[in-house]
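I have placed the structure first, in the form of structure tokens, so that the comments after it can refer back to it.
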Amino acid sequence: MHLRYNRKPVLISGFCMSAVTELKTQIQQALVAAFGEEFAHTDPAIAPTNNPKYGDYQVNVAMSLAKKLGKAPRQIAQELMEKLELGDRFEAPEVAGAGFINLRYTLAYLAERLQFMSKSDRTNDRLGIFKVDQPQKIIVDFSSPNIAKEMHVGHLRSTIIGDCIARVLEFQGHDVLRLNHVGDWGTQFGMLITYLKEVAPEALTTANAIDLGDLVAFYKKAKARFDEDEVFQKVARDEVVKLQSGSEDTLKAWKLLCEQSRKEFQIIYDLLDIQLNERGESFYNPYLANVVTDLKKLELLVEDQGAQCVFLDGFTNREGQPLPLMVQKTDGGFNYATTDLAAIQYRVNEDKAQRVIYVTDSGQGNHFAQVFQVARKAKWIPETVEITHVPFGLVQGEDGKKLKTRSGDTVRLRDLLDESIEKFGAILDARLAEEERSESNEFKANVARIVGLSAVKYADLSQNRTSSYIFSYDKMLADKGNTAPYMLYVYARVQSISRRGGIDFSSLNTPIQLQNESEFVLAKHLLQLEDAIAAVGDELFPNRLCQYLFELSQKFNTFYDACPVLKAEDEVTKNSRLILCDLTARSVKLGLNLLGIKVLERM
Ligand code: ARG
């Protein structure tokens, strides 16, 4: 696993901000002291323990060194331990079992860390988590629907996952450019414009003459015509040429069509609170010819049946022959891959990106692998630039097949989101009736909207993104389990404690005293928030953060069942527990915000 911990340990009143990072460095230093310089970069294999009996972390490096050092793992662990200097964060380490080193936080350290988190500034609350000290310029290419086509569930996934990744990287202090690489160029416009000229010419000259639904229908018909009618094909191709060479009428028509789609996309972005900068395929049009000339100069181009291609390593067809990536078609036109090559050049040279992240479905895995390979062959990606495809699986209906409406049509995203809001509205009504609470319509509408939308986002983000998942309103709206409502209730419950007890969390200021087992478990988990966030920034799996929040909520609920808070036996215990409640709520709020989810004070 490749980890990018470029966070220098920062010492604040004697402790380091990133526990695991500092621990890793200390163990590597001990490895060097015990066994020599060549072990400076050995992965110490630190794992948080699940069983408190074994402390808080287990260091497993001794097992992996046994062969190399020709010693028993227990012996290695012993020697390593003698060189290990951990300061006062941990109790004296113990060797256990076959050669594990168990580490346990000291009570004083735990209390001090919690105190520090608790006292951190509440405006734009970071809970004491520092920004990275080497911020990078990072591009996240996500959402990226296609003009004149409906945004589909795949684009929804890209939008939700991409937004979360961008939020996490921004939180870490990176300079993030969120790019919407919309499909706004190419053959589809030739067909569409030609067809509209025939059947709805007003759409090409007047704004808002048709809506996106009609546009999509027209596009389908245009495509059908294109496939069966040779004359139409020829006219449509000429129209593309006109567009690419900047003919005024065609450009005007194209702009109107884009505008129409853009409005529809914006409705979804507004609903989901998504910020994006549109830089569609058309943006790269002036650079496409250069891509081909550059590749030619580098002698990477091969002509294949009239088309310009680059041959690839590791990609073969069914007969085992090497596969080419086409960058210029027989008719001289460019394609999706050419555009992505131009985009790489632009992002590296003009945007000065140090990391570029593409969020699309796994189906485009080959496309990106091929494009990256060609860009590397051409030496357009410097070694200091990391370029990554972040693939995700499909969204399936309850039948395990591609998500469809009951009548078998593709699901419109707005309908999908509206249904979630509506369904939660009904759940909310039932609960309020049961609790004999009466709330204003405004309150109910707001709660339903936030929970309904959050549920869809959370259900998506909480899955390992590489797998497909089944879209189920029942599951995502349930108040138990790894769901948005469960997390949101934990936050609201803590706020209700403060209302009931007349407590101002920001003024709590007693030393923290941990007594009950469930308090320890919760406290330790609270300290791991930073590592969960860093893991998402490094590995780009948002479900890591969801899992963290889910466990946090569970541990909080266990604590809350076991330990009276407002009715605690004495003032110190009460204040101490209130700090744990407050820190839990703030962690949930921060974590959910990074997932693109807003919390509710009351629900
Ligand atoms: N428009 C494409 C689609 O709908 C996604 C674009 C992804 N980004 C990129 N640079 N290729 O499939």
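The values are calculated or read from the model by the stated rules, or taken from the named source; none is laboratory data. Keep in mind it's a predicted model, so treat the numbers as computed, not measured. Backbone-built Cβ (ideal geometry, glycine too); neighbour counts: all protein chains shown.
Conditions tested, residue by residue: (1) in a helix (DSSP H, G or I); (2) modelled with pLDDT of 95 or more; (3) aromatic (Phe, Trp, Tyr).
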site	(1), (2), (3)
VAL140	no, yes, no
LEU156	yes, yes, no
GLU198	yes, no, no
ALA209	no, no, no
VAL216	yes, no, no
ALA236	yes, no, no
VAL240	yes, no, no
Looking only at residues in segment 375-404 that are within 13 Å of the ligand (Cβ to nearest atom) and surrounded by 15 or more Cβ atoms within 10 Å (Cβ to Cβ), which one is farthest from LYS297 (Cα to Cα)? PHE392
Filtered residues of segment 96-126 (kept if small (Gly, Ala, Ser) and either free of Cβ contacts under 8 Å to residues at least 24 places away in the same chain or at positive phi (or both)): GLY97, GLY99, ALA108, SER120
Segment 42-125: strands (runs of 3 or more DSSP E) wholly inside it with 2 or more residues that are more than 16 Å from VAL20 (Cα to Cα) are 94-96
Is it true that GLN547 is surrounded by fewer than 18 Cβ atoms within 10 Å (Cβ to Cβ), polar (S, T, N, Q) and free of Cβ contacts under 8 Å to residues at least 24 places away in the same chain? no
For segment 523-536, does any single residue satisfy the condition of being under 27 Å from the mean Cα position of the chain (by Cα) and in a loop (DSSP other than H, G, I, E, B)? yes
Residues being in contact (Cβ under 8 Å) with a residue 60 or more places away in the chain and more than 16 Å from the ligand (Cβ to nearest atom): count how many of those fall in segment 343-362. 2
For segment 365-374, which positions are within 13 Å of the ligand (Cβ to nearest atom) and either surrounded by fewer than 16 Cβ atoms within 10 Å (Cβ to Cβ) or farther than 24 Å from GLY154 by Cβ (or both)? GLY365, ASN366, ALA369
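Looking at ASP313, ASP399, ASP331, can you tell me which residue is outside any loop (DSSP other than H, G, I, E, B), farther than 23 Å from LEU177 by Cα and not hydroxyl-bearing (Ser, Thr, Tyr)? Break it down stepwise before answering.
Numbers: ASP399 fails: outside any loop (DSSP other than H, G, I, E, B); ASP331 fails: outside any loop (DSSP other than H, G, I, E, B).
It is ASP313.
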Inter-residue pairs, beta-carbon under 6 Å, first closer than 17 Å to ARG602 by Cβ and in segment 496-509, second part of a helix (DSSP H, G or I) and of a type in the set (Phe, Trp, Tyr), 6+ apart: SER498/PHE505
In the set LYS457, LYS480, the lone residue that is crowded, with 22+ Cβ neighbours inside 10 Å and either more than 17 Å from VAL395 (Cα to Cα) or not acidic (Asp, Glu) (or both) is LYS457
Taking segment 313-342 as the search range and keeping residues that are hydrophobic (A, V, I, L, M, F, W, C) and away from the ligand (no atom under 14 Å from the Cβ), which one is surrounded by the most Cβ atoms within 10 Å (Cβ to Cβ)? VAL327
